[in-house]
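For reference, the structure is listed below as structure tokens.
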Amino acid sequence: MSKKMMLLALAVVSAAFFALPAIASAQEIHSEPGEAFTVNGAGGELRAEGEPTVTCSGTGGEGKFDVGSSTTGSSTLDFTGCHTTVFGFTAACKSEGSAVANTIANTGTFHLITIESKVPGVLITTNETVIVCAGISKITVTGSVIGTMSQKCGESSKENTLTFSSTGTAQNQSTYTGTKYVLQSRTGSGEEKASALVGSATNTSAKAQTLNCT
């Protein structure tokens, strides 16, 4: 290879390499100015193949963005009215150590993303949550889950509804920047199984937030 051709090849490779971070970062979105918010919803389900489904009737909590960020932050959620059904019997479920029956407390981090072209979404990574249902083994939940937003790019609103959907136990949205994100649950000392979160909740802030997808 001639010296000129080698320099050209290096230039092409370098350009491709340095373009990668720009492609990834372009899939982040911003909720500006990044106000704290409350969370309210009608609950939902945690599904895992071959395991009892945990159903909750309500969701409440709050979230806030990291200092100086309008993309990432943390949240604290309480899923209320939680139960599961085993062999026809209903068993109340709560998070380990919770003083409140039927309530599953969960904490985690969130990252605002673009799932597809101009489709706003959120990637939530949960801290380990241990669920205790009366009369059955403990369920340990870890991992990440992706949901879609009701707010569209460029819109300004005080409310934004997040929706998490699945086909059976497979989350409908699971890939971001080529990486697959899944929730995992383990009953007792059994094997970890891919799980799905189904439900929706609305984030409400004191001031209108503009969704910037550029």
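The values are calculated or read from the model by the stated rules, or taken from the named source; none is laboratory data. Just so it is clear, the structure is predicted and the values come from calculations on it, not from any experiment. FYI the Cβ positions are ideal-geometry reconstructions off the backbone, even for glycines, and counts take in every protein chain you see.
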> Among T210, T142, T161, T202, which is the only one that is out of contact with any Cys (no Cβ under 7 Å at 6 or more places or on another chain) and over 18 Å from F79 (Cβ atoms)?
Replying inline: T210
>> Here is a list: E49, E35. Which entry is of a type in the set (D, E, K, R) and closer than 22 Å to V182 by Cβ?
In response: E49
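Quick grid of which residues meet (1) at positive phi; (2) at pLDDT 95 or above; (3) surrounded by fewer than 19 Cβ atoms within 10 Å (Cβ to Cβ):
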position: K152; (1), (2), (3): no, yes, yes
position: G178; (1), (2), (3): yes, no, yes
position: N203; (1), (2), (3): no, yes, no
position: A206; (1), (2), (3): no, yes, yes
> What number of residues within the stretch 155-175 are at pLDDT below 95 and touching a Leu at 6+ places or on another chain (Cβ under 8 Å)?
Replying inline: 0
>> I'm checking my understanding of the structure. Among residues of the stretch 52-82 that are assigned to a strand (DSSP E or B) and in contact with a Cys (Cβ under 8 Å, 6 or more places away or on another chain), which one is nearest to K193 (Cα to Cα)?
In response: V54
> Are there any pairs with C-beta distances below 8 angstrom linking a residue in the stretch 122-148 that is under 14 Å from V54 (Cα atoms) to a residue that is acidic (D, E) and at pLDDT below 95, with the two at least 6 apart or on different chains, and if so which?
Replying inline: V130/E96; I131/E96; V132/E96; K138/E96; I139/E51
> Restricting attention to the stretch 89-101, which residues are under 22 Å from the mean Cα position of the chain (by Cα) and part of a loop (DSSP other than H, G, I, E, B)?
Replying inline: E96
> Is it the case that V122 is at pLDDT 95 or above, under 15 Å from V198 (Cα atoms) and within 15 Å of the chain's Cα centre (by Cα)?
Replying inline: yes
> Only one of (1) over 23 Å from Q171 (Cα atoms); (2) in contact with a strand residue (DSSP E or B) (Cβ under 9 Å, 6 or more places away or on another chain) fails for A99. Which number is that?
Replying inline: (2)
> Which of the residues that make up the stretch 176-200 are more than 23 Å from E51 (Cβ to Cβ), in contact (Cβ under 8 Å) with a residue 12 or more places away in the chain and not in a loop (DSSP other than H, G, I, E, B)?
Replying inline: Y176
> Filter the stretch 154-176 for residues that are surrounded by 15 or more Cβ atoms within 10 Å (Cβ to Cβ) and hydrophobic (A, V, I, L, M, F, W, C); which is nearest to H30 (Cα to Cα)?
Replying inline: L162
>> If a residue must be farther than 21 Å from A105 by Cα and either within 15 Å of the chain's Cα centre (by Cα) or at pLDDT below 95 (or both), how many such residues does the stretch 49-69 contain?
In response: 2
